[in-house]
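Before any comments, here is the structure.
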Amino acid sequence: MRSIGKDWFGYFKVTLVAALTMLGATSSLAAEEDPWEGVNRVVFRFNDTVDTYTLKPLAQGYQKVTPDFLETGVGNVFSNLGDVVVLTNDLLQGKVRDAGIDTSRILFNTTFGVLGFFDVATRMGLQKNDEDFGQTLGAWGLGSGPYVVLPLLGPSTVRDAAGRVPDAFLQPYPHMDHIPTRNITRAVDVVDTRADLLSAERMITGDRYIFIRNAYLQNREFRVQDGQVEDDF
(Lines give C-alpha, C1' and ligand atoms only; values in the text may rest on other atoms or scores of the structure.)
Protein backbone atom coordinates (compact mmCIF):
# COMPACT_ATOMS: atom_id res chain seq x y z
CA MET A 1 0.00 0.00 0.00
CA ARG A 2 1.03 3.51 -0.44
CA SER A 3 1.84 6.03 2.22
CA ILE A 4 -1.81 6.66 2.94
CA GLY A 5 -3.18 3.42 1.57
CA LYS A 6 -4.56 2.71 5.03
CA ASP A 7 -6.80 5.73 4.94
CA TRP A 8 -10.51 5.27 4.43
CA PHE A 9 -10.48 5.22 0.63
CA GLY A 10 -7.94 2.43 0.91
CA TYR A 11 -10.33 0.18 2.73
CA PHE A 12 -11.46 -1.54 -0.49
CA LYS A 13 -8.12 -3.22 -1.08
CA VAL A 14 -7.44 -3.81 2.61
CA THR A 15 -10.76 -5.54 3.15
CA LEU A 16 -11.06 -7.68 0.03
CA VAL A 17 -8.23 -10.05 0.89
CA ALA A 18 -10.26 -12.32 3.20
CA ALA A 19 -13.79 -11.14 2.57
CA LEU A 20 -15.38 -14.36 1.40
CA THR A 21 -14.15 -16.31 4.42
CA MET A 22 -15.72 -13.81 6.80
CA LEU A 23 -19.22 -13.68 5.40
CA GLY A 24 -20.21 -16.69 7.48
CA ALA A 25 -19.39 -15.06 10.82
CA THR A 26 -22.00 -15.64 13.52
CA SER A 27 -24.21 -12.84 14.80
CA SER A 28 -22.91 -13.26 18.35
CA LEU A 29 -19.33 -12.75 17.22
CA ALA A 30 -20.38 -9.71 15.19
CA ALA A 31 -22.05 -8.20 18.25
CA GLU A 32 -18.89 -8.75 20.28
CA GLU A 33 -16.55 -7.23 17.70
CA ASP A 34 -18.87 -4.43 16.58
CA PRO A 35 -20.80 -3.17 19.63
CA TRP A 36 -21.09 0.31 18.09
CA GLU A 37 -22.65 -0.85 14.81
CA GLY A 38 -25.41 1.78 14.83
CA VAL A 39 -22.98 4.69 15.00
CA ASN A 40 -20.51 2.96 12.72
CA ARG A 41 -23.13 2.59 10.00
CA VAL A 42 -23.91 6.31 10.15
CA VAL A 43 -20.23 7.19 9.74
CA PHE A 44 -19.89 4.56 7.01
CA ARG A 45 -22.72 6.14 5.01
CA PHE A 46 -21.11 9.56 5.41
CA ASN A 47 -17.76 8.27 4.17
CA ASP A 48 -19.41 6.45 1.28
CA THR A 49 -21.27 9.59 0.23
CA VAL A 50 -18.08 11.66 0.28
CA ASP A 51 -16.34 9.03 -1.82
CA THR A 52 -19.21 8.71 -4.31
CA TYR A 53 -19.46 12.43 -5.06
CA THR A 54 -15.84 13.54 -4.74
CA LEU A 55 -13.01 11.00 -4.64
CA LYS A 56 -14.39 8.37 -6.97
CA PRO A 57 -15.15 10.81 -9.85
CA LEU A 58 -11.74 12.41 -9.42
CA ALA A 59 -10.08 9.00 -9.44
CA GLN A 60 -11.97 7.96 -12.57
CA GLY A 61 -10.93 11.14 -14.36
CA TYR A 62 -7.33 10.75 -13.22
CA GLN A 63 -7.19 7.16 -14.42
CA LYS A 64 -8.72 8.09 -17.77
CA VAL A 65 -6.16 10.79 -18.61
CA THR A 66 -3.06 9.28 -16.98
CA PRO A 67 -0.96 6.78 -18.98
CA ASP A 68 -0.55 3.42 -17.23
CA PHE A 69 3.22 3.74 -16.86
CA LEU A 70 2.86 7.15 -15.22
CA GLU A 71 0.12 5.99 -12.85
CA THR A 72 2.25 3.01 -11.86
CA GLY A 73 5.29 5.21 -11.33
CA VAL A 74 3.44 7.72 -9.17
CA GLY A 75 2.09 4.87 -7.07
CA ASN A 76 5.61 3.48 -6.71
CA VAL A 77 6.90 6.82 -5.42
CA PHE A 78 4.33 6.92 -2.62
CA SER A 79 4.89 3.25 -1.89
CA ASN A 80 8.60 3.97 -1.49
CA LEU A 81 7.80 6.73 1.01
CA GLY A 82 5.56 4.30 2.87
CA ASP A 83 8.44 1.85 3.26
CA VAL A 84 9.80 4.13 6.00
CA VAL A 85 6.73 3.27 8.09
CA VAL A 86 7.20 -0.41 7.32
CA LEU A 87 10.90 -0.36 8.21
CA THR A 88 10.29 1.37 11.55
CA ASN A 89 7.69 -1.18 12.56
CA ASP A 90 9.94 -4.03 11.43
CA LEU A 91 12.46 -2.81 13.98
CA LEU A 92 9.86 -2.30 16.71
CA GLN A 93 8.75 -5.90 16.25
CA GLY A 94 12.29 -7.24 16.23
CA LYS A 95 12.08 -8.44 12.62
CA VAL A 96 15.72 -7.89 11.76
CA ARG A 97 15.67 -9.75 8.43
CA ASP A 98 12.60 -7.85 7.21
CA ALA A 99 14.18 -4.59 8.35
CA GLY A 100 17.22 -5.37 6.23
CA ILE A 101 15.05 -6.08 3.21
CA ASP A 102 13.05 -2.89 3.62
CA THR A 103 16.19 -0.82 4.16
CA SER A 104 17.56 -2.20 0.91
CA ARG A 105 14.27 -1.48 -0.83
CA ILE A 106 14.39 2.16 0.22
CA LEU A 107 18.03 2.55 -0.83
CA PHE A 108 17.71 0.86 -4.23
CA ASN A 109 14.35 2.37 -5.16
CA THR A 110 15.33 5.88 -4.07
CA THR A 111 18.60 5.81 -6.02
CA PHE A 112 18.41 3.42 -8.97
CA GLY A 113 14.63 3.67 -9.06
CA VAL A 114 14.65 7.49 -9.35
CA LEU A 115 13.00 8.37 -6.03
CA GLY A 116 10.93 5.21 -6.23
CA PHE A 117 9.33 5.80 -9.63
CA PHE A 118 10.67 2.43 -10.73
CA ASP A 119 10.33 -0.47 -8.28
CA VAL A 120 13.73 -1.98 -8.99
CA ALA A 121 13.88 -3.63 -5.55
CA THR A 122 11.00 -5.99 -6.30
CA ARG A 123 12.65 -6.97 -9.57
CA MET A 124 15.76 -7.78 -7.54
CA GLY A 125 13.74 -10.18 -5.38
CA LEU A 126 13.30 -7.81 -2.43
CA GLN A 127 9.59 -8.22 -1.78
CA LYS A 128 7.73 -5.43 -0.02
CA ASN A 129 6.66 -6.14 3.56
CA ASP A 130 3.54 -4.79 5.22
CA GLU A 131 3.79 -3.44 8.77
CA ASP A 132 2.27 -0.55 10.68
CA PHE A 133 2.05 0.48 14.32
CA GLY A 134 -1.36 -1.14 14.75
CA GLN A 135 0.26 -4.44 13.83
CA THR A 136 3.15 -3.66 16.15
CA LEU A 137 0.77 -3.15 19.07
CA GLY A 138 -0.87 -6.46 18.19
CA ALA A 139 2.52 -8.18 18.08
CA TRP A 140 3.19 -6.78 21.55
CA GLY A 141 0.05 -8.51 22.79
CA LEU A 142 -2.50 -5.68 22.74
CA GLY A 143 -5.96 -6.79 21.66
CA SER A 144 -7.69 -5.10 18.77
CA GLY A 145 -10.65 -3.80 20.76
CA PRO A 146 -14.03 -3.02 19.15
CA TYR A 147 -14.46 -2.30 15.47
CA VAL A 148 -14.91 1.38 14.66
CA VAL A 149 -15.48 3.37 11.48
CA LEU A 150 -13.57 6.65 11.54
CA PRO A 151 -14.85 9.75 9.72
CA LEU A 152 -12.97 10.07 6.41
CA LEU A 153 -10.54 7.35 7.51
CA GLY A 154 -12.83 4.34 7.31
CA PRO A 155 -12.69 0.91 8.99
CA SER A 156 -10.46 0.46 11.98
CA THR A 157 -10.35 -0.87 15.51
CA VAL A 158 -9.54 0.96 18.72
CA ARG A 159 -5.99 -0.39 18.58
CA ASP A 160 -5.47 0.41 14.91
CA ALA A 161 -6.91 3.91 15.33
CA ALA A 162 -4.32 4.63 18.03
CA GLY A 163 -1.62 3.16 15.81
CA ARG A 164 -2.33 5.73 13.09
CA VAL A 165 -0.84 8.52 15.21
CA PRO A 166 2.84 7.43 15.36
CA ASP A 167 2.70 6.18 11.77
CA ALA A 168 1.51 9.63 10.65
CA PHE A 169 4.71 11.24 11.95
CA LEU A 170 6.77 8.85 9.81
CA GLN A 171 5.08 10.08 6.65
CA PRO A 172 6.49 13.07 4.79
CA TYR A 173 3.52 15.42 5.19
CA PRO A 174 4.13 16.61 8.77
CA HIS A 175 7.68 17.54 7.77
CA MET A 176 6.80 19.56 4.66
CA ASP A 177 6.88 23.27 5.52
CA HIS A 178 5.70 24.52 2.15
CA ILE A 179 1.93 24.25 2.49
CA PRO A 180 0.98 24.33 -1.24
CA THR A 181 3.51 21.59 -2.01
CA ARG A 182 2.30 19.52 0.91
CA ASN A 183 -1.35 19.86 -0.11
CA ILE A 184 -0.71 19.06 -3.76
CA THR A 185 1.42 16.04 -2.88
CA ARG A 186 -1.18 14.68 -0.49
CA ALA A 187 -3.97 15.28 -3.02
CA VAL A 188 -2.11 13.39 -5.75
CA ASP A 189 -1.44 10.55 -3.32
CA VAL A 190 -5.12 10.37 -2.36
CA VAL A 191 -6.45 10.40 -5.91
CA ASP A 192 -3.83 7.97 -7.20
CA THR A 193 -4.58 5.55 -4.38
CA ARG A 194 -8.32 5.74 -4.99
CA ALA A 195 -7.82 5.18 -8.73
CA ASP A 196 -5.87 2.01 -7.96
CA LEU A 197 -8.92 0.67 -6.11
CA LEU A 198 -11.57 1.22 -8.77
CA SER A 199 -11.42 -2.32 -10.12
CA ALA A 200 -11.17 -3.95 -6.69
CA GLU A 201 -14.40 -2.46 -5.36
CA ARG A 202 -16.44 -4.40 -7.91
CA MET A 203 -15.88 -7.50 -5.77
CA ILE A 204 -17.97 -6.11 -2.91
CA THR A 205 -21.39 -7.77 -2.77
CA GLY A 206 -24.42 -7.78 -0.48
CA ASP A 207 -24.42 -5.50 2.56
CA ARG A 208 -21.37 -3.33 1.92
CA TYR A 209 -20.97 -2.46 5.59
CA ILE A 210 -20.92 -6.09 6.76
CA PHE A 211 -18.73 -7.21 3.86
CA ILE A 212 -16.12 -4.55 4.58
CA ARG A 213 -16.25 -4.95 8.36
CA ASN A 214 -15.80 -8.72 8.33
CA ALA A 215 -13.09 -8.66 5.71
CA TYR A 216 -11.20 -5.85 7.46
CA LEU A 217 -11.16 -7.66 10.81
CA GLN A 218 -10.03 -10.93 9.23
CA ASN A 219 -7.38 -9.18 7.17
CA ARG A 220 -5.96 -7.33 10.17
CA GLU A 221 -5.80 -10.51 12.22
CA PHE A 222 -4.03 -12.23 9.33
CA ARG A 223 -1.47 -9.44 9.12
CA VAL A 224 -0.86 -9.17 12.87
CA GLN A 225 -0.28 -12.93 13.07
CA ASP A 226 1.88 -12.92 9.93
CA GLY A 227 -0.51 -15.33 8.24
CA GLN A 228 -0.65 -17.78 11.14
CA VAL A 229 -4.40 -17.58 11.73
CA GLU A 230 -6.73 -20.43 12.60
CA ASP A 231 -10.10 -20.38 10.85
CA ASP A 232 -12.74 -20.30 13.58
CA PHE A 233 -15.58 -20.56 11.11
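The values are calculated or read from the model by the stated rules, or taken from the named source; none is laboratory data. This is a predicted model, so every value here is computed, not measured. Cβ sites come from the backbone with ideal geometry, for glycine too, and all protein chains shown count toward neighbours. For accessibility, only protein heavy atoms count, side chains too; no ligands or nucleic acids. Shrake-Rupley method; radii C 1.70, N 1.55, O 1.52, S 1.80 Å.
In nm, to one decimal, how far is the Asn183 label point from the Met203 one, both placed 7 Å along Cα→Cβ?
The two pseudo-label positions are separated by 3.6 nm.
Considering only protein heavy atoms, what per residue accessible area in square angstrom results for the range 61-163 with a 1.4 angstrom probe? Walk me through the intermediate numbers first.
Working: 4930 Å² over 103 residues.
Value returned for the range 61-163: 48 Å² of accessible area per residue.
Where does each of 76-85, 39-48 land if you order them by average Cβ count within 10 Å, highest first? Each step should come with its number before you reach the end.
Details: 76-85: 22.4, 39-48: 16.1.
Result, highest mean Cβ count within 10 Å first: 76-85, 39-48.
Can you give the extra length, in nm with one decimal, that the chain gains between Val65 and Phe169 once fully stretched, where that is 0.36 nm per residue apart less the Cα-Cα distance? If you can, show how the numbers build up before the last one.
Working: separation 104, 0.36 × 104 = 37.44 nm, distance 3.24 nm.
Length gained between Val65 and Phe169: 34.2 nm.
I need the chymotrypsin sites (Phe, Trp or Tyr not before Pro) found in the range 107-172, filtered to DSSP loop residues with at most 12 other beta carbons within 10 Å of theirs.
Details: sites: Phe108, Phe112, Phe117, Phe118, Phe133, Trp140, Tyr147, Phe169; in loops: Phe112, Phe117, Phe118, Trp140.
Qualifying residues, ordered by number: Phe112, Trp140.
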